[in-house]
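As structure tokens, the structure follows; a few thoughts come after it.
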Amino acid sequence: MRSRNTTAVSAIAIAATASLALSACGGAGGPQAAAAGGLSDDKVVIGLLNDQSGVYKDLSGPNSKVAIQMAIDDYKAKYADKAVAKDIEIVTADHQNKADIANSKAQEMYDRQKADIILDVPNSAAALAVATQAKNKKKLYINIGAGTTALTGASCNKYTFHWAYNTAVLARGTAGTITQEGGKSWNIVYPDYAFGQDMNKSFSAEVTKNGGTVGQSIASPFPSDNFATFITKAGEGNPKVIGSMHAGGDLINFVKQFNQSSLKGKVQLAVGLMFITDIHSLGVDQFAGTQFTDAWYWNFDAENKKWADRFTEKTNTRPSFAHAANYSAAMNYLEAVQEAGTDNADTIVGKLEGKKINDVFLRNGEIRKADHAVTHDVYLAKVKSSAPEEWDYEDIEKTIPAAEAYGEANPACTMG
Amino acid sequence: MSEFIQYTLQGLAAGGFYALSALGLAVIFGVLGVVNFSHGACYMLGAVIAAVLLAELSLGFWVALVVVPVIMFGFGVLMERLLVQWLLALDPLYNFLLTFGLTLILVEAVKLRYGVSGLPYEIPAGLGGQVTVGSVNLSVYAIFACVFSVVLCLAVGLLMTRTRIGMIVRAATEDPGRTRALGINVGRWVTPVFGFGIALAGLAGVLAAPTRAITAEMGSNFIIILFAVVVIGGLGSILGAVVAGFLVGLVEAYGVAYAPAYAQIVIFVLMAAVILVRPSGLFGREEVA
């Protein structure tokens with residue numbers, strides 16, 4: 001016992017020392033404002049903070065670095081000798097879907113790695129933690145991967161932008177359209193955590209607003225593998241539509257088990273949030289006919305396809321909307337630096353606000369000044385019954401115009 | 001009433017699957033006294049290997065049902081020979097930590113090779129569709145999985161209680177010293193039994209492949225439920241694992257039907273209640289606790 005106690009004591013001592021050392025590091029350094037004009041530290045540093053190893057790895061993860069590098073290459077090719085930013089560096093970190101890790105990594109990026117901007121940050125809790133850091137450090141932050149409307153609502157701030165989508169957009173696109181087209185009675189199953197609860201609220205509100213009814217909203221534990229009984233329960237009362245608000249592995253479990261239930265073919269399945277990587281992993285036939293809102297699709301038109309081909313050359317996989325959005329955000333940031341002649345965050349915010357953009361990701365895009373939501377056209381997609389080629393999984397049924405998808409600016413946002 | 005029957009049937013179907021999945025955990029603990037935390041990871045490996053066999057070699061479900069347990073048996077033997085055996089003499093906590101570490105390595109390795117969004121797998125031909133009686137229905141595959149599991153659990157039960165091998169293995173666990181004195185090489189049986197337990201985990205993985213998401217993390221949550229099953233049934237008891245498997249399946253189904261948000265908590269409330277009344281589980285031996 002003696003030796004064990006000694007080990008335990010020394011382990012505690014090591015842990016304590018390590019945490020002291022860490023907090024000392026956290027306190028060191030501080031935001032270095034760029035001199036009026038010119039670049040801080042003579043270079044532009046883009047921080048990519050996302051899930052590099054967990055459930056969101058495939059839909060964004062390491063391949064977003066490739067997308068950002070494409071933006072840097074395009075920027076350099078476009079401006080060559082005239083480029084304001086000649087030295088551009090990407091730093092990456094894995095937040096492991098934990099808000100506390102995202103918080104400390106963001107701090108490290110801004111302070112010690114001299115990041116001028118942080119991109120991506122899927123997972124709503126992590127996304128909100130980084131928004132607070134951006135506000136405190138007065139550095140730019142463009143969120144892409146997270147869905148929470150709080151980023152452009154109660155937690156909005158001058159330095160935070162939300163580029164690709166949010167839960168309200170998904171609800172307007174999917175619930176709004178399906179209800180208008182006759183799917184009036186819904187039952188919703190949602191995972192019982194912040195994202196799922198948020199989605200359930202947004203979807204229920206949108207169904208009701210369009211003259212439909214939600215019979216039951218059923219919370220399922222998160223994560224969960226056995227949905228058979230949830231599906232039976234969701235089928236009670238003979239709804240026309242069952243909405244699944246699950247993501248990742250839960251979504252795949254739900255859809256597999258829905259397909260094996262007697263409801264398949266009788267009830268329409270609507271999915272709250274889906275990425276092309278989900279369809280790829282489950283197989284297109286399993287999702288066939290499912291409707292969902294997509295922020296961008298690689299095979300939508302020639303421009304998207306051309307960009308996707310470049311991406312595929314480097315990664316051997318087709319891009320998700322998050323990859324394209326990371327490219328678009330990085331490109332527009334660099335354009336703003338070029339225009340301003342500096343990477344000073346306040347100056348760049350001025351250049352970005354109100355800017356109207358049409359690029360490979362944003363169609364009829366506008367960086368809304370009031371709440372920093374980047375509004376753009378989104379798409380109601382239906383999964384094909386079979387794939388003509390690998391990754392060609394979606395039929396775009398309808399383009400939802402930016403104004404309809406994003407509605408009015410969020411009144412909860414005060415730019416505090 | 002038909003709804004009640006519907007939920008009961010779904011609970012039983014899930015229960016059969018839980019029983020088979022927990023069986024390997026019970027066998028390994030019963031014979032070696034090892035709490036194998038990597039059981040969930042081995043279950044995951046079983047499903048992943050089945051998916052890879054299908055994708056790379058076009059070997060379907062029925063082949064996987066035979067091939068995967070064989071591969072996993074080999075994996076279990078290696079695991080026991082290379083790692084587990086060296087810690088058997090020490091506090092059980094050491095092997096618990098070893099298998100926990102192994103779980104992390106296996107999960108990350110699969111993530112590195114196959115990504116995180118999962119692999120596709122389909123219901124085998126002939127097992128699709130539903131059986132409907134009145135307003136009650138159940139998918140053919142769920143019925144198959146349940147019957148298959150129960151038959152296998154019974155076979156393992158008979159193997160352990162009615163055959164010479166089973167007798168030796170049980171004697172070796174009850175009293176290794178005296179069994180050795182009777183001229184039986186106890187050590188010889190430890191490795192195959194461990195491999196057998198791992199093979200059962202792999203088999204459960206194959207059975208799960210058509211109905212569940214095949215991802216590196218698929219075992220991480222599942223192992224928690226399996227531990228609840230073996231604790232309720234009594235650590236190391238095969239009959240206990242089977243009975244508790246069905247009990248947990250039913251409790252979960254009724255939970256979903258009547259209090260959906262608490263469906264999983266109910267399982268652990270049941271576990272806590274069983275431990276309070278019978279610390280060694282429903283069918284556990286007192287000395288185990």
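The values are calculated or read from the model by the stated rules, or taken from the named source; none is laboratory data. Source: prediction; values computed, not measured. Virtual Cβ from ideal backbone geometry, glycine too; neighbours counted across all protein chains shown. When the accessible area is computed, the model is the full protein with side chains, heavy atoms only, and any ligands, DNA or RNA have been set aside. Shrake-Rupley method; radii C 1.70, N 1.55, O 1.52, S 1.80 Å.
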Taking GluC sites (Glu not before Pro) in a DSSP loop with at most 16 other Cβ atoms within 10 angstrom as exposed, one finds the longest site-free stretch of chain A at A:1-180
For chain A, what is the calculated [θ] at 222 nm in deg cm²/dmol (nearest 500), taking -39500 (n - 2.57) for each run of four or more DSSP H residues and dividing by its residue count?
-12500 deg cm²/dmol
Under the Karplus curve 6.51 cos²θ - 1.76 cosθ + 1.60, θ = phi - 60°, whole-Hz ³J(HN,Hα) for segment A:371-387, x wherever Gly or Pro sits
10, 6, 7, 8, 8, 6, 5, 10, 9, 8, 10, 10, 6, 5, 7, 8, 8
When the accessible area of each residue in segment A:239-258 is compared between its chain alone and the complete protein assembly (1.4 Å probe; ligands, DNA and RNA ignored), which residues differ by at least 50 Å², being lower in the assembly?
A:Lys256
For A:His95, other-chain or 5+-apart residues with amide H closer than 5 Å (H placed, Pro excluded) are A:Asn50, A:Asp51, A:Gln52
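Give me the summed buried accessible area for the B-A pair, 1.4 Å probe, to the nearest 100 Å².
On the way: alone 13830 and 17060 Å², together 27980 Å².
What B and A bury together is about 2900 Å².
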Which value at 222 nm does chain B reach when only helices count, each DSSP H run of 4 or more adding -39,500 (n - 2.57), with the total divided by all residues and rounded to the nearest 500 deg cm²/dmol?
-24500 deg cm²/dmol
Whole-angstrom gap from segment B:245-289 to segment A:49-89, using each part's C-alpha centre:
50
Taking amide hydrogens as modeled 1.01 Å from N in the peptide plane, which residues meet the under 5 Å criterion relative to A:Lys398, leaving out close sequence neighbours?
A:Leu380
How long is the protein assembly as shown along each principal axis, judged by its Cα atoms, biggest number first, in Å?
89, 67, 47
Counting other Cβ atoms within 10 Å of each Cβ, which chymotrypsin sites (Phe, Trp or Tyr not before Pro) in segment B:199-289 have at most 16 and sit in a DSSP loop?
none
Cα centroid of segment B:20-92 to Cα centroid of segment A:137-213, whole Å
42
Excluding ligands, DNA and RNA, the carbon-plus-sulfur percentage of the accessible area of chain B with a 1.4 Å probe reads 72
Just give the residues from segment B:237-270 buried by at least 30 square angstrom of accessible area in the all-chains context relative to the isolated chain, probe 1.4 Å, and say none if nothing qualifies.
B:Val256, B:Pro260, B:Ala261, B:Gln264
The ³J(HN,Hα) series, computed from each phi in segment A:94-103 with the Karplus coefficients 6.51, -1.76 and 1.60 at θ = phi - 60°, rounded to the nearest Hz and given as x for glycine or proline, is 9, 8, 6, 6, 10, 5, 5, 5, 4, 4
Go through A:Met199, A:Leu269, A:Leu170 and say which Cα lies farthest out towards the positive end of the charge dipole of segment A:168-294; charges sit on Cβ, +1 for Lys and Arg, -1 for Asp and Glu.
A:Leu269
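Under the rule a/c < 1.5 gives rounded, and otherwise a/b versus b/c splits prolate from oblate, where does segment A:168-294 land using the Cα gyration tensor?
Working: a/c = 1.28, a/b = 1.24, b/c = 1.04.
The shape class here is rounded.
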May I ask you to give the solvent-accessible area per residue for the protein assembly as shown, in square angstrom, as obtained with a 1.4 angstrom probe?
40
Starting at the first residue of segment B:207-221, write each ³J(HN,Hα) from the Karplus equation 6.51 cos²θ - 1.76 cosθ + 1.60 with θ = phi - 60°, in whole Hz, x for Gly and Pro.
5, 7, 3, x, 10, 10, 5, 8, 10, 4, 8, 4, x, 5, 7
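Rounded if a/c is under 1.5, else prolate if a/b is larger than b/c, else oblate: which is segment B:173-226, with a ≥ b ≥ c the root eigenvalues of its Cα gyration tensor? Display every interim value, and only then the final one.
Working: a/c = 4.78, a/b = 3.12, b/c = 1.53.
Note, shape of segment B:173-226 comes out prolate.
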Other-chain or far-sequence residues with amide H under 5 Å of A:Thr290's (modelled H)
A:Val383
Mind checking the angle between helix B:92-114 and chain B's longest principal axis? C-alpha axes, 0 to 90 degrees, to the nearest 10.
50
Just to confirm the number: angle between the C-alpha axis of helix A:248-259 and the first principal axis of chain A, 0 to 90 degrees, nearest 10?
10
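Going by the alpha-carbon gyration tensor, a ≥ b ≥ c the square roots of its eigenvalues, is chain A rounded (a/c under 1.5) or, if a/c is not under 1.5, prolate (a/b greater than b/c) versus oblate?
It is oblate, given that a/c is not under 1.5 and a/b is not larger than b/c.
Which percent of the accessible area of chain A is formed by carbon and sulfur heavy atoms (probe 1.4 angstrom)? Present the calculation step by step, with values, prior to reporting the outcome.
Numbers: 8010 of 15550 Å².
In chain A, the share of accessible area belonging to carbon and sulfur is 52 percent.
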